[in-house]
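The next block holds one structure in the form of C-alpha cells; read it before the comments.
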Amino acid sequence: MKYYLSIIIIILNFSCKTDKNNSVEKSAEFDSQKTKALITQILEDESKNYLSSTCISEKARANSHPMVADFDNYIKKLLKIKNENHYETQKKRYIKFKITSDLVPNKNILTEKQFNDFERKSKNGKFSFWDWLETNCTNGYCSISKPIFNEAYNLAYVQIGTVCGGLCGFGEERIYELVNKKWIKKQSLGSWVS
C-alpha cells in the first residue's frame, strides 16, 4: 500500500509541476501577444508623429524615465496592480525586452551592438554618430518600451520617443486602456523635448 501511495504522490507532484510550467509558458505567450498588439497599434497611430523615423532602437533608448523616487510603486499605483508576483514578472519582461523584426517589419532596427560600436568609434574621433544617423535614418531613430500591463491586461504603461539629432528629441510616457478590443491612449503622464 505504501508503495502505491508513493507512486501516486510522485505522479501528482509531477502533474502539478507540468501544469505550473504550462501556465507560465501560456502567460508568457499571452503577454507577448498583448505586447505585439499594443506596439503595432502605437506604431500605426504614431507613424506620422512620435514614431515616424525609419529606424528604431532594439532596446528602449529615446525614452526619459519619470522623475519619481520609486518607479515600482509609481507604476503599480498607475496601473492599480495588487499582485506583487505579476508586477515582478512584468518588470523582468520590461527590462529584457528587445524590438524584433516581426514587431516592426518596416523599420531598420539599431541593435545594442551597433550602439556600442558607434560609441567606440566616436571615442577615436573619426566617426560621427549624428552624421551616420542623418545619412541612414529618416527623422532620426525612434524608441518604444515594452508595455507594463496590469493583471487584467486592460491597462498598460508605455514610453515612446525619438532622437533626431544631438540636441533634437522628444518623447512621452503614456497609459493605454483596452476599450472594445482597441487600445486607447488614456493619459499622457509626461513628455520631454531636447
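Details
- Of all residues in the range 11-59 being among the basic types (Lys, Arg) and at pLDDT 50 or above, the one that is nearest to the chain's Cα centre (by Cα): Lys59
- Among strands (runs of 3 or more DSSP E) entirely within the range 151-194, having at least 1 residues that are small (Gly, Ala, Ser) and touching a Leu at 6+ places or on another chain (Cβ under 7 Å) singles out 155-165.
- The set of residues from the range 102-151 being under 19 Å from Glu44 (Cβ atoms) and aliphatic (A, V, I, L, M) comprises Leu103, Val104, Ile109, Ile144.
- Residues satisfying the stated conditions in the range 141-180, i.e. closer than 19 Å to Asn106 by Cβ and surrounded by fewer than 22 Cβ atoms within 10 Å (Cβ to Cβ): Cys164
- The number of residues in the range 159-178 that are touching a Lys or Arg at 6+ places or on another chain (Cβ under 9 Å) and in contact (Cβ under 8 Å) with a residue 24 or more places away in the chain comes to 7.
- Residue within the range 111-118 that is open to solvent by less than 40 Å² (accessible area, probe 1.4 Å) and under 30 Å from Glu177 (Cβ atoms) present: no
- Any hit, the range 64-73, residues being under 19 Å from the mean Cα position of the chain (by Cα), more than 16 Å from Asn150 (Cα to Cα) and either crowded, with 17+ Cβ neighbours inside 10 Å or modelled with pLDDT of 95 or more (or both): yes
The values are calculated or read from the model by the stated rules, or taken from the named source; none is laboratory data. The model shown is predicted, which means the values in this text are computed figures rather than measured ones. Using ideal geometry, Cβ is built from the backbone for each residue, glycine included, and neighbour counts are taken over all protein chains shown. Just the protein is used for accessible areas: all its heavy atoms, side chains included, with ligands, DNA and RNA removed. Shrake-Rupley method; radii C 1.70, N 1.55, O 1.52, S 1.80 Å.
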